[in-house]
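The values are calculated or read from the model by the stated rules, or taken from the named source; none is laboratory data. Just so you know, these numbers come straight off a predicted model, no measurement behind them. Please note: Cβ atoms are built from the backbone with ideal geometry, for glycine as well, and neighbour counts cover all protein chains shown. Ligands, DNA and RNA are stripped out before the accessible areas are found, and what is left, the full protein with its side chains, is counted by its heavy atoms. Shrake-Rupley method; radii C 1.70, N 1.55, O 1.52, S 1.80 Å.
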Amino acid sequence: MAQIKSEAAYKAAMNRIEELLPLVNDNTPVDDPNYLELDMLSDMVEEYEDIHYPIGKPTLIDIIKLRLYEMGITQSKLAEMLGLSNARVSEILNGKSEPSLKIGRELSRKLNIDPEIVLGV
């Protein structure tokens, strides 16, 4: 399969994808030229991005902050839920200290975060 080898080619592929998106939908036949081109360009862009723009694993802090946002919970409310002081929660969310196993267990339960993520495994 062809590869994108430069940033200019990457940008051109992204522009072409933007042009093709309105022309292709769930009802487009898989043998349609626009569908085929979009599929090929998408694969090429994905491969280029995996190499040049890798996305790292989120940290526990990132996941906690995302979950707080999704659930509409403030830092103060989290402190209340965990039975901790606001200062202690702030230390955890700022990376100044790590949660204990007990706090990790509560984070997992109350924020519905996979225990493996909390444990870092």
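Gain in length, Asn86 to Arg16, computed as 0.36 nm per residue apart minus the alpha-carbon separation, to one decimal in nm?
Details: separation 70, 0.36 × 70 = 25.20 nm, distance 4.94 nm.
Gain on extension, Asn86 to Arg16, equals 20.3 nm.
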- [ ] Enumerate lysine pairs in the chain that are 8 or more residues apart or on different chains, then count those whose Cα atoms are under 28 Å apart.
- [x] 16
Task: Identified option (computed Rg/Rh (Cα atoms, Kirkwood Rh); candidates [x] 1.17; [y] 1.22; [z] 1.02) - done: [y]
- [ ] Only helical DSSP H runs with n ≥ 4 go in: add -39500 (n - 2.57) per run for the chain, normalise by residue count and round the 222 nm mean residue ellipticity to 500 deg cm²/dmol.
- [x] -19500 deg cm²/dmol
Task: Within the accessible area of segment 8-121 (1.4 Å probe), percent carbon and sulfur - done: 53 percent
- [ ] Report the trypsin sites (Lys or Arg not before Pro) located in segment 17-121 that are in a DSSP loop and have at most 13 other Cβ atoms inside 10 Å of their Cβ, or state none.
- [x] Lys96
Open item on the list: What FRET efficiency comes out for Tyr35 versus Glu116 if R0 is 41 angstrom and r is the Cβ-Cβ distance? Round to the nearest 0.05.
Closed with: 0.60
